[in-house]
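To start, the structure under review is shown below, and the notes come after it.
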Protein chains: 2
Amino acid sequence: MSHLATQSTGTVDRILDVAERLFAENGFHATSLRQITQDAEVNLAAVNYHFGSKQALIVAVFKRRLDALNSARLARLDELLASDAPPALEAVLDAFVRPAIVFTHASDETGHRFMRILLRAFADQDADLHAALSSEYAHVMRRFAAAIAETLPDHCPDRIRRQLDFIVGALTHTMAESGHDDPGQIADDLVRFSAAGLGSLPHPSLQTANQVGAKGTLEIVR
Amino acid sequence: MSHLATQSTGTVDRILDVAERLFAENGFHATSLRQITQDAEVNLAAVNYHFGSKQALIVAVFKRRLDALNSARLARLDELLASDAPPALEAVLDAFVRPAIVFTHASDETGHRFMRILLRAFADQDADLHAALSSEYAHVMRRFAAAIAETLPDHCPDRIRRQLDFIVGALTHTMAESGHDDPGQIADDLVRFSAAGLGSLPHPSLQTANQVGAKGTLEIVR
DNA sequence: GCCTGATTCAAACAGATGTTTGATAATACT
DNA sequence: AGTATTATCAAACATCTGTTTGAATCAGGC
């Protein structure tokens, strides 16, 4: 018993909040359980009691926020697909990009903090972390890749998915580094930037036999 | 005495090589000096003797490779600017992107390893590291931003610099995550992608008064 | 030869780390 | 009521961390 089965006090939430902040500020390894439990005003043993280990705590911190972000993305995508007309490329990209940007620039610093953790997760190639996240993220990325492929029917889906990696990189980097600029402006720029980039794909008619083996990010974190 | 003043045996080089590998594999904090010195077959105290501290070793690992990469970039940019005709946007972007991609996909795994460290440096917002790198990188980024601004004379330089952040993000992410695909193909795609994105900048004529305060990545690591 | 500086080495230092333990307090159930 | 489960707590566990020390070894100059 012990792990996972509880929903009682604010202890586990307080741990998650403080851990999220400290992970973003100092990194996973550099943040000690004593630091977390002290700031959260809980006992040192509470982390191992409620989560099982430090590693499990890291994963828990991620899943909590990622669920919200991806839900927002998919909600916007569903809304797009519900209408009769096929969605424009810009609209699909906007559904993917804007929720992330908006979340990052939330009034409190929560979003910005979390996005720096996300960038860290890309850097730290932590096997457990990737495994935990891929189960959630894979679904989302597949749906967006499919929606984009539908707006660019002439193009190879693998190629599109590779380009999507560019967008993810630009988005992640921008979210982690950007200051307190106007989030709407940033989202506008990135959507336009990405749409133009995708639109510049050469037509497959003159495509020579090139390998698209492409073990890109898609297979690692989504 | 002690620090920095030596160039004797292969001890310091052996430490740098092993440290670079382990930092890329496990991160800075997760890599211990005992691990490094054991793999390098040198004494534990050698790191503190030759570099002064673990932090100084981290910086040293970076500077060694970054010098080579940025030199290659600037050499290609100079070559471009030397010709009479003003360079095309794609050519400037290529001079920035391709050396990084090629270096990342070097025959040995050195390049790929190092690029994962670089991504880690973006994630870990280490003050000392940023300070050490900015002194070198700032020069390079300023020159490329200027060259790009010259090929897009109508546009606001601040805006261009912000777009350059998108490219850096896409490049860094791609280099850190991409497998053993064809590097030339990746560079081609990214250059075309970036050029199209930059080319889609709206003309300043209809530019409303929007702030471009933009404390982007440029000021942090270059 | 001897001496001087630079380098290596084994050992110890002082602390921080994640995790476990066993007791204690709080809560829920019957 | 009383019993069982859940949660919190202080303390200790074993291990790892970066750094320092002082003696041993090597180099080259005189």
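The values are calculated or read from the model by the stated rules, or taken from the named source; none is laboratory data. Because the structure is predicted, anything quoted here is derived from the model rather than measured. Please note: Cβ atoms are built from the backbone with ideal geometry, for glycine as well, and neighbour counts cover all protein chains shown.
Values as computed for the structure displayed
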quantity	calculated
Any hit, segment A:110-122, residues being within 16 Å of DNA strand C (Cβ to nearest atom) and surrounded by 13 or more Cβ atoms within 10 Å (Cβ to Cβ)	yes
So A:ARG142, is it in contact (Cβ under 8 Å) with a residue 40 or more places away in the chain, outside any loop (DSSP other than H, G, I, E, B) and more than 12 Å from every other protein chain (Cβ to nearest Cβ)	yes
Failed condition for A:LEU69, given (1) touching a Phe, Trp or Tyr at 6+ places or on another chain (Cβ under 6 Å); (2) modelled with pLDDT of 95 or more	(2)
Subset of segment B:102-117 that is under 11 Å from the mean Cα position of the chain (by Cα) and among the aliphatic types (A, V, I, L, M) - its residue that is nearest to B:SER194 (Cα to Cα)	B:MET115
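Let's see how each residue does on (1) within 11 Å of DNA strand C (Cβ to nearest atom); (2) over 23 Å from A:ASP189 (Cα atoms); (3) not small (Gly, Ala, Ser):
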{"residue": "A:ARG14", "(1), (2), (3)": "no, yes, yes"}
{"residue": "A:LEU33", "(1), (2), (3)": "yes, yes, yes"}
{"residue": "A:ALA68", "(1), (2), (3)": "no, yes, no"}
{"residue": "A:ARG76", "(1), (2), (3)": "no, no, yes"}
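Condition check ((1) more than 9 Å from DNA strand D (Cβ to nearest atom); (2) at pLDDT 95 or above; (3) within 14 Å of chain B (Cβ to nearest Cβ)) across all residues:
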residue	(1), (2), (3)
A:THR6	no, no, no
A:GLY10	no, no, no
A:GLU20	yes, no, no
A:ALA24	yes, no, yes
A:PHE28	yes, no, yes
A:LEU44	no, yes, no
A:VAL47	yes, yes, no
